[in-house]
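Chemist: Here you go, one structure.
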Amino acid sequence: AILSKSFQSNSLLIFDIAKTVNKTLRALKKLLDTPGENEKQFWTEVRKDDSADVLRTCQLSDGEEGRVLFKVDRQQVIDGLDTHLTERYLKVLDNDVLKSISAFDHRHWPPAGSLEGANDEQIEELYTAFKGFFDESETKEMVVEQWNDMQLLIASTHGMRTRKYHDLWSHMLIHFHEQYPLPLRLVAIALILPADTSECERIFSLMNDIKTPERSRMKTETLK
């Protein structure tokens, strides 16, 4: 539920995914010792009636031995989910290029007076990774210099510093693309990396609005 809610939003930032995954992992760890809401309800019903854990001819737990086995199963399921989520998200996110995108997260920048050299290493990492998008004459030093000037402008302008992430960089790309073209090119690359599934969700909703049950004979090509 935690992951689903975050990935279906249209405001998820790529460097916030790890926080969401870690929150999920902590919630799973709690389930090792503390039953979740559905399990609590189940055992409450069992305590009311000795036969509450029997579904027709299928007994859901075989007395005390069954409860021990249930705990073993729960441990294995949670361990499996923990391993899967770590492999699927955290190991992927532990990538120098993806971590360097955090340079654009102005929420965590130091005050304007302490910005000298802040995030330069991340910008250099991104420049190296996406060097193919730059001409030979557009050097790393030029990118870093423009980045420092742009970062200082944003940090010292209250109206910019308080903007939300996507709002800020949309504003910068529209109004400052001529003044700071090189670092904003890296910003544009970072913005097109998908972090959520909201676009997919909207497409599926649109598809369902068009192909209703009454239009069940509509062919795929027509739907496209």
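Chemist: Among Met207, Met160, Met218, what's the order by accessible area (1.4 angstrom probe), most exposed first?
Modeler: The residues order as Met207, Met218, Met160, largest area first.
Chemist: Then there's this: Report the per residue volume, in Å³, of the convex hull enclosing the C-alpha atoms of the range 67-177.
Modeler: Given the Cα convex hull of the range 67-177, per-residue volume reads 152 Å³.
Chemist: Expected output is a single nm value to one decimal: the length gained when fully extending between Thr222 and Thr34, i.e. 0.36 nm times separation in residues minus the C-alpha distance. What is it?
Modeler: 62.6 nm
Chemist: May I pose another question? If I take R0 = 22 Å and measure r between the Cβ atoms of His175 and Ser9 in this structure, what FRET efficiency does the formula 1/(1 + (r/R0)^6) give, to the nearest 0.05?
Modeler: For His175 and Ser9, the calculated efficiency is 0.25.
Chemist: While we're on this one: Taking the simple approach of a point 7 Å from Cα along Cα-to-Cβ for both Thr139 and Thr86, what is their distance in nm?
Modeler: Here the answer is 4.5 nm between the modelled labels.
Chemist: So, with +1 on the Cβ of K and R and -1 on the Cβ of D and E, and no other charges, what is the size of the charge dipole of the range 71-224 about its Cα centre, to the nearest 20 debye?
Modeler: 1020
Chemist: How much accessible surface does Lys19 have with a 1.4 Å probe, in Å² rounded to 10?
Modeler: 110
Chemist: Measure nothing but the geometry: give the 0 to 90° angle between the long axis through the Cα atoms of 120-129 and the longest principal axis through the Cα atoms of the chain, rounded to 10°.
Modeler: The answer is roughly 80 degrees.
Chemist: Right, next: How big is the chain along each principal axis, measuring the range of its Cα positions in Å and listing the largest first?
Modeler: 77, 52, 33
Chemist: At a probe radius of 1.4 Å, what is the per-residue accessible area of Tyr180, in Å² to the nearest 10?
Modeler: 20
Chemist: Give the aspartates and glutamates whose C-alpha is closer than 18 Å to that of Lys224, dropping any in the same chain fewer than 8 places away, or say none.
Modeler: Excluding near neighbours in sequence, the set is Glu199, Glu201, Asp209, Glu214.
Chemist: Also, I was wondering about something else. Let me see the pair-distance distribution of the range 131-212: every alpha carbon pair, 5 Å bin width, integer percents in order.
Modeler: 3, 12, 18, 19, 14, 10, 9, 6, 5, 3, 1, 0
Chemist: Among Glu124, Glu45, Glu141, which one shows the biggest mean-square fluctuation in a GNM of the chain, springs joining Cα atoms closer than 10 Å?
Modeler: Highest fluctuation of the listed residues: Glu45.
Chemist: Taking Cα pairs under 8 Å and at least six residues apart, what relative contact order does the chain come out at, in percent? Provide the component values of the computation, followed by the final result.
Modeler: On the way: 137 pairs, mean separation 59.9, N = 224.
For the chain, the relative contact order is 27 percent.
Chemist: Sort Ile123, Ile192 by accessible area with a 1.4 Å probe, largest first.
Modeler: Ile192, Ile123
Chemist: Let me ask another. Pull up the cross-link candidates among the lysines for Lys30, meaning alpha carbon to alpha carbon under 16 Å and not fewer than 8 places away within one chain.
Modeler: Lys40, Lys71
Chemist: Per 0.36 nm of contour for each residue apart, how much would the distance between Asn208 and Leu115 grow if the chain were fully extended, relative to their Cα-Cα spacing? Before the final figure, lay out the partial values.
Modeler: Values: separation 93, 0.36 × 93 = 33.48 nm, distance 4.92 nm.
28.6 nm is the gain from fully extending Asn208 to Leu115.
Chemist: If you don't mind, another one. Given the convex hull over the Cα atoms of the range 164-224, what projected area results after averaging over all orientations, in nm²?
Modeler: Computed as one quarter of the Cα hull surface, the answer is 6.3 nm².
Chemist: Among Lys5/Lys91; Lys5/Lys211; Lys23/Lys99; Lys29/Lys91; Lys19/Lys140; Lys99/Lys140, which pairs are too far apart, with a Cα-Cα distance over 23 Å?
Modeler: Details: Lys5/Lys91 21 Å; Lys5/Lys211 26 Å; Lys23/Lys99 19 Å; Lys29/Lys91 19 Å; Lys19/Lys140 31 Å; Lys99/Lys140 19 Å.
From the list (Lys5/Lys91; Lys5/Lys211; Lys23/Lys99; Lys29/Lys91; Lys19/Lys140; Lys99/Lys140), the Cα-Cα distance tops 23 Å for Lys5/Lys211; Lys19/Lys140.
Chemist: Sticking with this structure for a sec: For the pair Phe42 and Ile78, how long in nm is the line joining their label points, each one 7 Å along Cα→Cβ?
Modeler: 1.4
Chemist: Ok, one more. Among Phe104, Phe130, Phe70, what's the order by accessible area (1.4 angstrom probe), most exposed first?
Modeler: Of Phe104, Phe130, Phe70, the descending order of accessible area is Phe70, Phe130, Phe104.
The values are calculated or read from the model by the stated rules, or taken from the named source; none is laboratory data. In this text, all values refer to a predicted model and were calculated from it rather than measured experimentally. FYI the Cβ positions are ideal-geometry reconstructions off the backbone, even for glycines, and counts take in every protein chain you see. Surface areas here come from the heavy atoms of the whole protein model, side chains and all, with no ligands, DNA or RNA. Shrake-Rupley method; radii C 1.70, N 1.55, O 1.52, S 1.80 Å.
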